[in-house]
Amino acid sequence: MSSSELIALSACEAVARLKTGDVTPLELIDAAEERIAAVDPAVNALPTLCFDMAREAAKSLPKTDSDSPGWLGGLPIVVKDVTDVAGVRTTHGSPIFADHISERDDISVEILKRNGAIVIGKSNTPEFAAGANTFNEVFGKTLNPWNTDMTCGGSSGGAAVAVATGMSWLATGTDLGGSLRTPASFCSVVGLRPSPGRVAAGPQRDPFQSLSMNGPIARNVADVALMLDAEVGIDPRFPLTLEAPVESFQSAALNPDTPARVGFSEDLGIGPVDSEVAEICRAAALRFAEAGAVVEESCPDFSGALETFQTLRASAFVVNRAPLLEKYRDKMKPEMIWNIEKGMAQSSGDISVALRERGALYQRVATWFGDHDVLACPAAIVPPFDVDMRYLERLEDHEFGNYVDWLYITFAITLTGCPAISVPCGFTKSGLPVGLQLVGRPRGEAELLHFAARLEEIMAFSALVPIDPRPGS
């Protein structure tokens, strides 16, 4: 097969060919290298590459059962530049770590390699994955392939661009407040934030935290499920980890199913949303009705979610980044400094209130899912915007107070611990992608993938990628 034919394969197709021997890992590595050389200068998604290391890894793949649902068979992937890969530069998008070479693999990377993944490079991210516009002082801006004047979102922005443009079949990401779901929406690909504990990562300073999770990003739902199968399983270093399911996630994605009852909300009752985005997402949610679902305007009560998330997020920033602020304040972006200092100014009473509020929210969500199978809402409240805007400061007459508030549609879901996926659902009149966020029951990834696959089947947007970058004005 030609390089262009190889990069057009889905991850599932590529792995199937690897298992039969029709394609070799080295052929896929060559195809990816050729594609990156041709495409990445236009989008700046993969600033660090490790092809020599990848070819060495291809020669010594671990031996395993090729029938295992998580076996990737030598498929090249890219890893977000906040996640350690042994022997590869990991900068966290920060001048503090601009020359840092990781000594060990992150747990998540260990597991992927053990399941036959081959790392070919690192994807760009905002500094310390903070914010939903992918730019930093080390590598600069990553551009949206649908219009290179626009942001690709973040913080897993380089990952989304890499899979959307065919530079990689799969990519790792992390998601605290929407860092997998927002760039998936902005780049018309699929991003899944799993339940806490579904994917091991670290070692972490706070291994019991349940806000930031690792997860997959890919071109379609089945590919995301394939990667999730390669990421899951118990690891004692990550105490929240869950057992791998008896039925593979890929099996769930390859068997689409229609939810009986869908609740849709354009704004979760707590914030503004662009009217065109709301219209596109509502129309997409109503497509479930064509397959037999009852679709109604409904969502849990998310009151208090904005304040609760901001408090818990700031506390996490103190745990993870306060020592860096003390030593490297002059090398940190102002948004990072604000977030850490917000956390340091909070009292134990503030954090206790936030924890109680989160618990009450979870109980309301659990009750709501007693009558509904899935919650549908936008994955981002706006389409991609000018990449030179650090973050969305205003939507019509609503002014956001900080660089995080405009992400409420995803971070409110983070608080619930429910799995959530962004699936492409349309384009604005100006041709910019829009994603629909589907939220499943707690620990209900398999069921959620059934439903997401059905929506993908109905909407038929997954065939539009990979694309060549499209220049802006």
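The values are calculated or read from the model by the stated rules, or taken from the named source; none is laboratory data. In this text the structure is predicted, and so the values were computed from the model without any measurement. FYI the Cβ positions are ideal-geometry reconstructions off the backbone, even for glycines, and counts take in every protein chain you see.
Residue 89 fulfils the conditions (1) touching a His at 6+ places or on another chain (Cβ under 9 Å); (2) crowded, with 24+ Cβ neighbours inside 10 Å except for a single criterion, (2).
When 315, 352 are checked against the criterion of being within 25 Å of the chain's Cα centre (by Cα), of a type in the set (Gly, Ala, Ser) and assigned to a helix (DSSP H, G or I), 315 stands alone in meeting it. In the stretch 226-273, the residue that is surrounded by the fewest Cβ atoms within 10 Å (Cβ to Cβ) out of those that are within 22 Å of the chain's Cα centre (by Cα) and under 18 Å from residue 458 (Cα atoms) is 254.
Each row is one residue, and each column tells you yes or no for (1) farther than 25 Å from residue 290 by Cα; (2) touching a His at 6+ places or on another chain (Cβ under 6 Å); (3) surrounded by fewer than 17 Cβ atoms within 10 Å (Cβ to Cβ).
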residue: 374; (1), (2), (3): no, no, no
residue: 388; (1), (2), (3): yes, no, yes
residue: 408; (1), (2), (3): yes, no, no
residue: 425; (1), (2), (3): no, no, no
residue: 439; (1), (2), (3): no, no, no
residue: 444; (1), (2), (3): no, no, no
residue: 452; (1), (2), (3): no, no, no
residue: 459; (1), (2), (3): no, no, yes
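Return yes when residue 410 is part of a helix (DSSP H, G or I) and either without any contact (Cβ under 8 Å) to a residue 24 or more places away in the chain or under 25 Å from residue 146 (Cβ atoms) (or both) and no when it is not. The answer is yes for residue 410. Taking (1) surrounded by fewer than 20 Cβ atoms within 10 Å (Cβ to Cβ); (2) out of contact with any Leu (no Cβ under 9 Å at 6 or more places or on another chain); (3) in contact (Cβ under 8 Å) with a residue 24 or more places away in the chain; (4) not polar (S, T, N, Q) in turn, residue 38 satisfies each apart from (3).
Here's the yes/no breakdown for (1) within 10 Å of the chain's Cα centre (by Cα); (2) over 13 Å from residue 227 (Cβ atoms); (3) in contact (Cβ under 8 Å) with a residue 40 or more places away in the chain:
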| site | (1), (2), (3) |
| --- | --- |
| 105 | no, yes, no |
| 114 | no, yes, yes |
| 128 | no, yes, yes |
| 183 | yes, yes, yes |
| 192 | yes, no, yes |
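Where in the stretch 7-97 are there helices (runs of 4 or more DSSP H), lying wholly inside it, with at least 3 residues that are within 22 Å of the chain's Cα centre (by Cα)?
On the way: elements: 11-20, 25-43, 51-59.
Qualifying helices (runs of 4 or more DSSP H): 11-20, 25-43.
Residue 98 - would you say it is more than 15 Å from residue 48 (Cα to Cα) and not polar (S, T, N, Q)? When the stated conditions are applied, residue 98 does not pass them. Give 158, 121, 166 a once-over and let me know the one that is within 28 Å of residue 229 (Cα to Cα), touching a residue at least 24 places away in the same chain (Cβ under 8 Å) and in a loop (DSSP other than H, G, I, E, B). Of 158, 121, 166, the one residue that is within 28 Å of residue 229 (Cα to Cα), touching a residue at least 24 places away in the same chain (Cβ under 8 Å) and in a loop (DSSP other than H, G, I, E, B) is 166.
Note on the stretch 193-225: residues that are assigned to a loop (DSSP other than H, G, I, E, B) and either among the hydrophobic types (A, V, I, L, M, F, W, C) or surrounded by 24 or more Cβ atoms within 10 Å (Cβ to Cβ) (or both) amount to 8.
Only residues that are closer than 19 Å to residue 211 by Cα and either outside any strand (DSSP E or B) or modelled with pLDDT under 95 (or both) were counted across the stretch 413-453, and they come to 13.
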